[in-house]
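Rule-based calculations on the coordinates, nothing more; no lab input. Given the structure is predicted, the values throughout are model-derived calculations rather than measurements. Quick reminder, even Gly has a Cβ in these numbers, built from the backbone with ideal geometry, and neighbours come from all protein chains shown.
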Amino acid sequence: MAEGSDFRHWDELIPDALGLIFSKLSLQEKLTVIPMVCKSWAKAVMGPYCWQELDIEEWSSRRQLDDVDRMLQILINRSGGSLRKLCVSGLHNTSIFFSIADHAGSLRTLRLPRSNISDGVAEQIAGRLCAVTFLDLSYCDEISACGLEFIGKNCKALVGMCRNLHPLHTAGMLAPDDEARAIAATMPKLNHLEMAYHTLSTKSLMTILSSCPDLEFLDLRGCWDIRLEDKLVAEKFPKLRVLGPLVRDVYERNEWDECSDYSYVSDDLAWDLSADYFDDGCSYDDPWDDEGRLEGLELRFYEGIDDDNGAFGWPPSP
C-alpha cells in the first residue's frame with residue numbers, strides 16, 4: 001500500500017479487533033476459511049473473542065455423538081473462560097458437562113436439549129453454573145425433579161427455563177408434578193418457562209404461578225390435564241402470556257423428532273471435519289509449514305457446492 005495512505009492492511013489490525021469481526025462469521029468460516037488466509041488472521045481467530053458465543057445446536061443434531069463432544073471441547077478451550085452463550089444438542093459423555101462447568105464463569109445462556117445430563121451430574125456441576133440466567137434442558141430424559149432442584153438452589157439468577165418433554169416419554173410418569181414443584185420452590189425469578197407435554201396438574205401449575213410472580217411467558221402445549229381459565233389469568237396474572245395447552249400439535253410438523261440418523265447432512269451445512277482436525281495442539285505456523293501439515297485439515301464438499309475457483313472454492317484474501 002502506498003506510503004502515507006489513510007488505510008491500513010487488514011493484517012495490521014490488533015488481534016482483539018479482528019477477533020470481534022470474526023465472531024460475526026459462521027462456525028464453518030472461522031474453522032476452515034479464516035485460518036488459511038494469513039498468519040495474523042489465524043492467530044486472531046484462535047483468540048477468545050471469536051468463541052464467546054457458541055451455537056452449534058443445529059450442527060450437533062446431525063453429527064456423531066463422539067464428534068460433537070470432541071468439537072465442543074476444542075471450542076470451549078478456545079473460549080479461554082470467556083464463554084457467554086452455549087447451544088449444543090445431544091451431549092452424552094459425562095466428562096463434557098464437567099468441562100462446560102469448569103468454563104462457565106461468564107456463561108449466561110446454556111442450551112443442552114436431548115443431552116444425557118443426570119441428577120448426579122447436575123448436583124456436582126450446579127454450583128459452577130451460578131451465573132447462568134437461561135437454561136434449556138428440554139428432552140433430557142436422565143434428569144428429574146431432583147436434578148432441577150439442585151440447579152434451582154444454585155442458579156439464583158435464573159430467569160428463563162425450558163423443560164419441554166417428548167409426549168412419548170411422559171406416558172406413565174409416576175410423579176408428574178414433582179418437576180413443577182421443584183421449579184416453584186427453587187426458581188422464583190423466572191419470567192420465561194416452557195413445560196410443553198408435561199403431565200402436570202392444575203394445582204401444581206397454580207403453585208408455579210404463585211411462586212414466580214415475574215412470569216411473563218408460559219408454554220403449556222400438550223399439557224392436557226391443565227384447566228386454566230382465561231379470565232382468571234387476566235385478573236390475577238395480567239403480565240402472563242400462556243401458550244397452550246389446546247393448540248395444534250407441533251409434532252404433526254415433525255419439528256421435534258429425535259435425531260437417530262446422524263448421517264444426514266443439510267444442504268446449507270454441506271461440510272464436515274475429519275477426526276484429525278480435532279487435534280487442536282498445532283501452532284499458528286502449522287498451516288504454512290512446508291512439511292505438508294495441511295493433512296490435518298480436511299473438507300468434504302457435497303453435491304451442490306461449486307468449486308470452480310480453486311481446490312476448495314475459498315474466497316480470495318482481502
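Key figures
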quantity: Label-point gap, in nm, between Ala131 and His169 - each point 7 angstrom along Cα→Cβ; calculated: 2.9
quantity: Share of pairwise Cα separations in the stretch 81-151, more than 17 Å, in percent; calculated: 33
quantity: Rg(Cα)/(2.2 N^0.38 Å) for the stretch 52-243, N = residue count; calculated: 1.03
quantity: Cα-based shape type of the stretch 137-242, given that a ≥ b ≥ c are square roots of the gyration tensor eigenvalues and the cut on a/c is 1.5; calculated: oblate
quantity: Kirkwood-Stokes translational diffusion coefficient of the stretch 55-99, alpha-carbon pairs, 20 °C, 1.002 mPa s, µm²/s; calculated: 201
quantity: Spatially proximal lysines relative to Lys239 (Cα-Cα < 26 Å; intrachain offsets below 8 disregarded); calculated: Lys153, Lys156, Lys189, Lys203, Lys231
quantity: Inter-label distance for Leu232 and Ser201, nm, one decimal - labels placed 7 Å from Cα along Cα-to-Cβ; calculated: 1.3
quantity: FRET efficiency for Lys39 and Ser95, using Cβ-Cβ distance with R0 set to 41 Å, rounded to 0.05; calculated: 0.80
quantity: Rg over Rh [alpha-carbon atoms, Kirkwood Rh] for the stretch 91-192; calculated: 0.94
quantity: Label-point separation in nm, Asn191 to Leu20, each point 7 Å along Cα→Cβ; calculated: 2.7
quantity: Top positive-direction residue, dipole computed over the stretch 52-243 with Cβ charges, set Ile74, Gly147, Trp224; calculated: Ile74
quantity: Cα shape, the stretch 177-230, gyration tensor, a/c 1.5 rule; calculated: prolate
quantity: Under 26 Å from the Cα of Lys43 - lysines, other chains or at least 8 residues apart; calculated: Lys24, Lys30, Lys85
